[in-house]
Amino acid sequence: MTKFLLAVHVIAAIVAIGPVTVAASMFPPTARKALAAPDDAQALATTRLLHGICRVYATVGVVVPVFGFATASSMGVLGDTWLIVSIALTALAAVVLAALVLPRQSAILEGAGDRAATVQLAMFTGIFNLLWATVTILMIIRPGSTTGA
């Protein structure tokens, strides 16, 4: 059962978190292009699409920690420091996405943004991506692991 839970956890992370990190990273430059050329329907459509991808896959991404907890429980590592740090960083990444990235994307799409807003959004997106990269590294390295990896 542990292998199944781990497989679902990893697949969900790839399928759900990957698109969010890519789409969120592409949003600020695409939004700058749309803001610079308000008549460019393609740039606006692309910006809306990227925001939609972020919203949908952020929701689907809830599966990742759910199966992560199930996997950790099955493996008996819920109390391990590396996992507790990973959980905290995952929660922080979720807060950054839900409170800083998605609302700013929405505001820009609603016309309440300028170039400075896209620069700030890019910074928050970078923080989100760094948090996920750190979690991924912790999941691979697993300090103190007896697997030898």
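The values are calculated or read from the model by the stated rules, or taken from the named source; none is laboratory data. Just so it is clear, the model here is predicted, and its values are computed rather than measured. Virtual Cβ from ideal backbone geometry, glycine too; neighbours counted across all protein chains shown. For accessibility, only protein heavy atoms count, side chains too; no ligands or nucleic acids. Shrake-Rupley method; radii C 1.70, N 1.55, O 1.52, S 1.80 Å.
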Query raised in the report: If you check T59, T118, which single one turns out to be over 30 Å from M1 (Cα atoms), hydroxyl-bearing (S, T, Y) and either open to solvent by 40 Å² or more (accessible area, probe 1.4 Å) or touching a Lys or Arg at 6+ places or on another chain (Cβ under 7 Å) (or both)?
Result: T118
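Take the residues of the stretch 76-103 that are open to solvent by 70 Å² or more (accessible area, probe 1.4 Å) and part of a helix (DSSP H, G or I): which is nearest to P38 (Cα to Cα)?
Step one: of the stretch 76-103, the residues open to solvent by 70 Å² or more (accessible area, probe 1.4 Å) are 78, 81, 84, 92, 95.
Filter again for part of a helix (DSSP H, G or I), leaving 81, 84, 92, 95.
Values: T81: 49, I84: 46, L92: 34, V95: 31 Å.
Here the answer is V95.
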Report summary line: With criteria (1) part of a loop (DSSP other than H, G, I, E, B); (2) small (G, A, S); (3) open to solvent by less than 70 Å² (accessible area, probe 1.4 Å), A112 comes up short on (3)
Report task. Assess whether G126 counts as being over 24 Å from F67 (Cα atoms), part of a loop (DSSP other than H, G, I, E, B) and not aliphatic (A, V, I, L, M). Result -> no
Query raised in the report: So L44 clears everything in (1) farther than 22 Å from I140 by Cβ; (2) surrounded by 20 or more Cβ atoms within 10 Å (Cβ to Cβ); (3) among the hydrophobic types (A, V, I, L, M, F, W, C) except one condition, right? Which one?
Result: (2)
Report summary line: Per the filter on the stretch 11-40, residues open to solvent by 80 Å² or more (accessible area, probe 1.4 Å) and farther than 30 Å from P65 by Cα are K33, A36, P38, D39
Query raised in the report: Residues T71, T47: which one is at pLDDT below 95, among the β-branched types (V, I, T) and touching a Leu at 6+ places or on another chain (Cβ under 7 Å)?
Result: T71
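Quickly run through the stretch 130-141 and pick out the residues that are of a type outside the set (A, V, I, L, M) and either touching an Asp or Glu at 6+ places or on another chain (Cβ under 7 Å) or buried (at least 19 other Cβ atoms within 10 Å of the Cβ) (or both). Don't jump to the end; show me each part of the working.
At the first step, the residues of the stretch 130-141 found to be of a type outside the set (A, V, I, L, M) are 132, 134, 136.
Correct list: W132 only.
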